[in-house]
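Note sheet for the following structure.
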Amino acid sequence: MRRVIVPAVAVLVSLATAVPAPATTEQQKVPVAEGYGGAVATVDLDASKAAIAVLRKGGNAMDAAVAAGAVLGVTEPYSAGPGGGGFMVYYDARRRQVHTIDGRETAPGAMTATSLEGIPFAEAVTSGLSAGVPGTVAQWDLALRRFGTLSLKQALRPAIEVAAKGFVVDQTFHDQTAQNADRFKDITSTARLYLPNGSPPPVGSVFRNPELAATYRELGERGPDWLYSGQLGREVVATVKQPPVTPGAARTVRPGLMEMRDLRRYQALMRDPTRVDYRGMTVYGMAPPSSGGSTVGEALNILDALPEVGLHEYLEASKLAFADRNAYVGDLPGVPLKELLSDGFAKERACLVGDRAIAAPAAPGEPDGDYGPCAAPTGTATPTAEEGPETTHLVVADRWGNVVAYNLTIESTGGNGIVVPGRGMLLNNELTDFTFGPAPGDPNLPAPGKRPRSSMAPTLVFDHGRPVLALGSPGGSTIITTVLQIMVNRYEFGMSLPEALAAPRATQRNTAQTQAEQAFLDRYQQELTDRGHQLVLNPEIGAATALEILDRNRVQAVAEPSRRGGGSALVVRPRR
């Protein structure tokens, strides 16, 4: 029997964070809803309402997830959209199978291991060079054809309506626009769309994107080939190769390497999920090129191997899992995924966890199948590369028991900052997720057609073969720690799901310092400092969405109460 070390004020923390009561109306943005017939949680009310409308009309969870994702391309355009990519983990209730769909962007055929070398990160972000071949549209199409009941044209209708009629600008949208204003003004098409009258749209105003409405409408009529082998694709390539820089702008905006042949070669892929057993449950996640499933899974295995679990152990397990992620995980053959997720490897790594924090960066282990009682690592630590903090995540369940956890992104807030002229869609800067080098042997160096390593971690948890939890978050590499900490809060510390999301967070990614939110520092800094941890402030970590299936028919959907402006949880039939 292992001992769970519940943080002394864990319950107090959760109750002190004012979690609103379950929703009683669709017209207000609330973070917790409980009821029947299907549920959704997203960061945005319009997206959640679109998903619920699909479910009420008889659509299934995949139909609703695609509809909500398309709406987020309108209302959360700095995090998602048709110019980006993402990962889905899906439970097919009729067949009792878990599937994952990889819609990650790919590097152009002309990209090499040295294409990003020596370029300052910020300069690489705002460029054509950072734009990967978009995967979102192909992913939507594959998801609907394999698992949905709607056509792409039907699934895009809610987003077309929101883009045409507009949505009310909130503080988050305004602030994100303002944070990007300096680079947006240097791109003519972006400035025209997002800086009307030369400044960000004011809070409370109605923002419309008729060009994106027209793009979605034509995409629905013509299908994905319009992007991957047709006129829209040619416009994307032209924008990447010759970004529409504002005359007189001093910014260096590098041209990209994308060609039409890169778009024609793109495919969204069905992949096997990762799988680990944890506390008698089964946890499914996303396999490479995402590191989400492998890193969350390894950390859970390490925790399962420890005699006691508290915040110190959570941070140490994350540290060790990130050391192995950085050394071994990327989009390449030979990732030792089976060994990274093996119990033997987890026990070998867990024996390094003691009373004091391991010095960071910690060296990776050796997932070679030959595990001793406590092997000292001999490898060289690899630093955790910089990743954009944005992305968005949504969860959907339907009345038939199907469940979707879906991460979608254009990478940094605002992607590469370049709107395709006349199309209303921002392009991604996903290729900055590659290691810039030089880094011989790094599994995440760029290569032709390669998909950059991701931290997105859409996750499903099963108990005795039945789905009980779906969750995920935005936040770059903090996605992994956010998902992990929510699971620790829920299953180790006994918090309810709303409490587990609302509780203050810390993120340890094999770095010398652990970043933490202010409320976490206030409560736990001294305790963890005494055990050798160095903590520094990160004002906001993640913006999770999750749902818990409470019994055969009842679901609780949960979003953030305050992070990133708070999220929106809705159910088809609220519990009375």
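The values are calculated or read from the model by the stated rules, or taken from the named source; none is laboratory data. The structure displayed is predicted, hence computed values, not measured ones. Please note: Cβ atoms are built from the backbone with ideal geometry, for glycine as well, and neighbour counts cover all protein chains shown. In case anyone asks, the SASA skips ligands and DNA or RNA and just uses the protein heavy atoms, side chains included. Shrake-Rupley method; radii C 1.70, N 1.55, O 1.52, S 1.80 Å.
When restricted to residues that are aliphatic (A, V, I, L, M) and open to solvent by 10 Å² or more (accessible area, probe 1.4 Å), the stretch 56-81 contains 0. Residues that are touching a Ser or Thr at 6+ places or on another chain (Cβ under 9 Å), part of a helix (DSSP H, G or I), touching a residue at least 60 places away in the same chain (Cβ under 8 Å) and over 30 Å from A363 (Cβ atoms) within the stretch 462-499 comprise P498, E499, listed in sequence order.
Scanning the stretch 318-357 for residues that are open to solvent by 40 Å² or more (accessible area, probe 1.4 Å) and farther than 22 Å from R271 by Cβ gives D343, K347, C351, L352, D355, R356.
Hey, among the residues in the stretch 82-106 that are closer than 10 Å to P134 by Cα and of a type outside the set (S, T, N, Q), which one's nearest to the chain's Cα centre (by Cα)?
We begin by selecting, within the stretch 82-106, every residue closer than 10 Å to P134 by Cα; these are 82-86, 103-106.
Subsequent filtering for residues that are of a type outside the set (S, T, N, Q) retains 82-86, 103-105.
On the way: P82: 15, G83: 16, G84: 12, G85: 10, G86: 8, G103: 12, R104: 11, E105: 14 Å.
So, considering only residues that are closer than 10 Å to P134 by Cα and of a type outside the set (S, T, N, Q), the one nearest to the chain's Cα centre (by Cα) is G86.
In the stretch 518-533, of all residues being in a loop (DSSP other than H, G, I, E, B) and touching a residue at least 24 places away in the same chain (Cβ under 8 Å), the one that is surrounded by the most Cβ atoms within 10 Å (Cβ to Cβ) corresponds to H533.
State whether one or more residues within the stretch 122-129 are open to solvent by less than 20 Å² (accessible area, probe 1.4 Å), in contact with a strand residue (DSSP E or B) (Cβ under 7 Å, 6 or more places away or on another chain) and touching a residue at least 40 places away in the same chain (Cβ under 8 Å). Checking the stretch 122-129: not a single residue is open to solvent by less than 20 Å² (accessible area, probe 1.4 Å), in contact with a strand residue (DSSP E or B) (Cβ under 7 Å, 6 or more places away or on another chain) and touching a residue at least 40 places away in the same chain (Cβ under 8 Å). Considering R552, R505, the condition of being touching a Phe, Trp or Tyr at 6+ places or on another chain (Cβ under 9 Å) and among the charged types (D, E, K, R) is satisfied by R505 alone.
When only residues in the stretch 214-267 that are outside any loop (DSSP other than H, G, I, E, B) and touching a strand residue (DSSP E or B) at 6+ places or on another chain (Cβ under 7 Å) count, which is most open to solvent (accessible area, probe 1.4 Å)? It would help to see each step written out before you state the result.
Here is the first cut: in the stretch 214-267, the ones outside any loop (DSSP other than H, G, I, E, B) are 214-222, 225-228, 231-241, 245, 260-265.
This time we only want the ones that are touching a strand residue (DSSP E or B) at 6+ places or on another chain (Cβ under 7 Å), so: 245, 262-263.
Numbers: V245: 52, D262: 12, L263: 0 Å².
Here the residue is V245.
All told, A122 meets the bar of being under 27 Å from P438 (Cα atoms) and either modelled with pLDDT under 95 or of a type in the set (D, E) (or both).
Taking the stretch 235-262, which residues are of a type in the set (K, R) and more than 18 Å from L426 (Cβ to Cβ)? Reasoning before the result, please.
Of the residues in the stretch 235-262, the ones of a type in the set (K, R) are 241, 251, 254, 261.
Once the filter is applied, which keeps residues that are of a type in the set (K, R) and more than 18 Å from L426 (Cβ to Cβ), the stretch 235-262 yields only R261.
Collect the residues in the stretch 24-45 that are open to solvent by less than 50 Å² (accessible area, probe 1.4 Å), modelled with pLDDT of 95 or more and not aliphatic (A, V, I, L, M), keeping them in residue-number order.
Going residue by residue through the stretch 24-45, those that are open to solvent by less than 50 Å² (accessible area, probe 1.4 Å) are 26, 30-35, 37-45.
Checking which are modelled with pLDDT of 95 or more leaves us with 30-35, 37-45.
Once the filter is applied, which keeps residues that are open to solvent by less than 50 Å² (accessible area, probe 1.4 Å), modelled with pLDDT of 95 or more and not aliphatic (A, V, I, L, M), the stretch 24-45 yields P31, E34, G35, G37, G38, T42, D44.
Among the residues of the stretch 409-431, the ones that are within 21 Å of the chain's Cα centre (by Cα) and surrounded by fewer than 24 Cβ atoms within 10 Å (Cβ to Cβ) come to 1 in all. Every test in (1) more than 30 Å from S562 (Cβ to Cβ); (2) outside any helix (DSSP H, G or I); (3) among the aromatic types (F, W, Y) is passed by Y90 save one, and that test is (1).
When G84 is tested against (1) open to solvent by 10 Å² or more (accessible area, probe 1.4 Å); (2) at pLDDT 95 or above, exactly one condition is not met: (1). Scanning the stretch 394-408 for residues that are out of contact with any helix residue (DSSP H, G or I) (no Cβ under 8 Å at 6 or more places or on another chain) and open to solvent by less than 10 Å² (accessible area, probe 1.4 Å) returns V395, A405.
On the stretch given as the stretch 483-496, residues that are among the β-branched types (V, I, T) and over 16 Å from E298 (Cβ atoms) total 1.
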